[in-house]
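The next block holds one structure in the form of structure tokens; read it before the comments.
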Amino acid sequence: MKKKILVLILIIMVMVTSCIGCGKKNDESVTSQKGDTTSNKEEQPKVTLKMTHFKAEATEGINKIIEVFNEEYPNIEINVDLLEWGNYDTILKTKFASNEIIDIICLKEGDLLNKYGKAGYLADLTDKTFMDNIQDVAVKASATDGKNYAVPVDNSPIAVFYNKKIFKDKGFEIPKTYSELMSIAKQLKEEGTAGFALGYKDEWPLSMFQSRAAVDVLYLQGQPEWGKNYLDGKTTFADTPEWKTVIAQCKDFYTYGNDDPLGVDYNKALDMFAAGDAAMIFQGLWILPEIEKRNPEFFNNDLGIFPYPATEDPSDVKLEATGDFVIAAGAESTHLDEAMKFLEFMTTKEAAKIWTDNIKTISAVKDSSLSFAPCLADIEPYFNNGQIYDAQPYLSQLSGNWDGQITKYIIEYLIDRKTVDEVLEAQDKFMQRTLNN
């Protein structure tokens, strides 16, 4: 009996020892597998992606996003090529024509995105699940014929920034009509302060203003398909009185702005506004990091923002919240999977926070914060109440450089080389030449 018990004990001991050994082997196996995973990640072949962008003020933020992205994907190197916006389209055309591969392409929502998407240069993102991380309005507004070829990165209001201290000292209220806005600008100009900071040596700020004014007084006032009607031959610039209103508003800004607007560039205009030499500037949220650099105290305490009141009806006042920056993957990229990983990362809240903290524009990622600049409290009610619109679906109805060309004609009007009628007639002739080609 004792021998049987002893044998049983020995059997049990052998079994326990065996189990312990198995457990140890299993643990070693798990550890080995984990180690292999890490090793495989580290040993993945290096891939270099080429990225082009045009947004100089966003360069630092883009570099920080890439830095954080590389913490997760150390094998993916991204070389960033900053190009000047005025020549961006021309440079891209040249690169594509020479079959140069661009893995990641930054664009502006609207005509440029539509053109390259339709031409097949951009990868289709329509069915990518990471697009669900982006605000629905941004996804819809950036679509090209029902397909998405880019990730909307920001949702950047374009509005009137103003100096709260100047307004308070003068007893001004936030204007709700165009005549109220001009009354303020006129008084300021007469008393020695520029109503508006204008940097029209660079033509794009004027182009941006006239096109947005056109949306406010034309497209949103009962003619939402004016551009399409123009292409169908149903209307012209010369036969549309609202375009005369747009040009008149350009003249008012020119009159009540700083001296020599056509001799002052964009950066100098920002200097003037940040220094308090001009009370207002019509711009997009992308100016926030530039204002903060120039005058942090002003940025934190006295910078305000309100929607542009383009008409005499206060109920027309809405905030333009248009996507300014979108990011796409080149359809011919030889590293499309890696490019897609970066695009997916751009839809995360982590990337959104880096973007808003550094670039100071509102991210298109769902549930992103508006707390990165004090002045955004001024426009938060417009987002909460749905009083926003995207200008691009209107502006993109006409293709080509229509807005840049009419801007050149408007400048001729501002310096008394053309009448309003001559501006509109010249624009119609330009459009016909463009469409016939």
query = Regarding Ala159, is this residue among the small types (Gly, Ala, Ser) and over 14 Å from Tyr256 (Cα atoms)?
reply = yes
query = Restricting the search to the stretch 55-65, which residues are in contact (Cβ under 8 Å) with a residue 24 or more places away in the chain, closer than 17 Å to Ile105 by Cβ, assigned to a helix (DSSP H, G or I) and of a type outside the set (Gly, Ala, Ser)?
reply = Ile65
ask   = Considering only residues of the stretch 141-152 that are modelled with pLDDT under 95 and of a type in the set (A, V, I, L, M, F, W, C), which is surrounded by the fewest Cβ atoms within 10 Å (Cβ to Cβ)?
value = Ala143
ask   = Considering the stretch 170-201 alone, what residues qualify as being over 18 Å from Ala278 (Cα atoms) and not hydroxyl-bearing (Ser, Thr, Tyr)?
value = Lys176
message = Looking at the structure I just gave you, is Glu320 buried (at least 20 other Cβ atoms within 10 Å of the Cβ), acidic (Asp, Glu) and farther than 21 Å from Gly386 by Cα?
response = no
key: Single residue of Glu312, Glu338, Glu332 found to be closer than 26 Å to Gln135 by Cα and of a type in the set (Asp, Glu)   = Glu338
key: Segments classed as strands (runs of 3 or more DSSP E), wholly inside the stretch 224-328, with at least 1 members that are under 21 Å from Thr59 (Cα atoms) and either out of contact with any Leu (no Cβ under 8 Å at 6 or more places or on another chain) or in the same structural domain as Ala391 (by TED's automatic domain parsing) (or both)   = 278-284, 319-322
request  = Being touching a helix residue (DSSP H, G or I) at 6+ places or on another chain (Cβ under 7 Å) and over 22 Å from His335 (Cβ atoms) is the filter; apply it to the stretch 102-133 and report the residue that is modelled with the lowest pLDDT.
outcome  = Gly110
Evaluation of Lys118 against (1) in contact with a strand residue (DSSP E or B) (Cβ under 7 Å, 6 or more places away or on another chain); (2) touching a residue at least 40 places away in the same chain (Cβ under 8 Å) (one fails), failing number = (2)
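Test Phe372 against the stated conditions and say whether it is of a type in the set (Phe, Trp, Tyr), over 19 Å from the mean Cα position of the chain (by Cα) and under 20 Å from Thr59 (Cβ atoms). Lay out the reasoning, then the answer.
Details: of a type in the set (Phe, Trp, Tyr): yes; over 19 Å from the mean Cα position of the chain (by Cα): no; under 20 Å from Thr59 (Cβ atoms): yes.
No; evaluated as a whole, the condition is false for this residue.
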request  = Kindly establish whether Lys168 is under 30 Å from Leu376 (Cα atoms), assigned to a helix (DSSP H, G or I) and outside the structural domain of Tyr88 (by TED's automatic domain parsing).
outcome  = yes
query = Which condition number does Ile362 fail, the rest of (1) outside the structural domain of Phe172 (by TED's automatic domain parsing); (2) closer than 30 Å to Cys250 by Cβ; (3) at pLDDT 95 or above being met?
reply = (3)
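Condition first: part of a loop (DSSP other than H, G, I, E, B) and within 20 Å of Glu320 (Cβ to Cβ). Now tell me which residues in the stretch 344-362 satisfy that.
Matches in the stretch 344-362: Lys360, Thr361, Ile362.
Residues that are of a type in the set (Phe, Trp, Tyr), buried (at least 17 other Cβ atoms within 10 Å of the Cβ) and under 17 Å from the mean Cα position of the chain (by Cα): does the stretch 118-140 have at least one?
Initial filter on the stretch 118-140 (of a type in the set (Phe, Trp, Tyr)): 121, 130.
From the residues that got through so far, the ones that are buried (at least 17 other Cβ atoms within 10 Å of the Cβ) too are 121.
Within this subset, residues satisfying the condition of being under 17 Å from the mean Cα position of the chain (by Cα) are none.
No, the conditions are met nowhere in the stretch 118-140.
Go through the residues of the stretch 263-271 one by one and say whether even a single one is at pLDDT 95 or above and touching a strand residue (DSSP E or B) at 6+ places or on another chain (Cβ under 8 Å).
yes
Quick grid of which residues meet (1) in contact (Cβ under 8 Å) with a residue 24 or more places away in the chain; (2) closer than 25 Å to Ile158 by Cα; (3) in contact with a strand residue (DSSP E or B) (Cβ under 6 Å, 6 or more places away or on another chain); (4) not aliphatic (A, V, I, L, M):
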| position | (1), (2), (3), (4) |
| --- | --- |
| Phe306 | yes, yes, yes, yes |
| Pro314 | yes, yes, no, yes |
| Leu319 | yes, yes, yes, no |
| Ala328 | yes, yes, yes, no |
| Thr334 | yes, no, no, yes |
| Asp337 | no, no, no, yes |
| Ile354 | yes, yes, no, no |
remark   = Of (1) under 23 Å from Leu113 (Cα atoms); (2) surrounded by fewer than 20 Cβ atoms within 10 Å (Cβ to Cβ), Ala426 satisfies every one except (1)
Unique residue being within 26 Å of Phe130 (Cα to Cα), crowded, with 20+ Cβ neighbours inside 10 Å and either touching a Pro at 6+ places or on another chain (Cβ under 9 Å) or of a type in the set (Ser, Thr, Tyr) (or both) when the list is Ile379, Ile362, Ile388 = Ile362
key: Options Leu206, Leu188, Leu181: the member that is under 23 Å from Tyr266 (Cβ atoms), assigned to a helix (DSSP H, G or I) and either touching a Ser or Thr at 6+ places or on another chain (Cβ under 7 Å) or small (Gly, Ala, Ser) (or both)   = Leu206
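Considering only residues of the stretch 400-418 that are hydrophobic (A, V, I, L, M, F, W, C) and in a helix (DSSP H, G or I), which is modelled with the lowest pLDDT?
Here the residue is Trp402.
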task = Please state which one of Leu435, Leu370, Leu424 is at pLDDT below 95, outside any strand (DSSP E or B) and over 29 Å from Leu125 (Cβ atoms).
result = Leu435
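The values are calculated or read from the model by the stated rules, or taken from the named source; none is laboratory data. Since we're looking at a predicted model, the values are computed, not measured. Don't worry about glycine lacking a Cβ; one is built from the backbone with ideal geometry, like all the others, and counts go over all protein chains shown.
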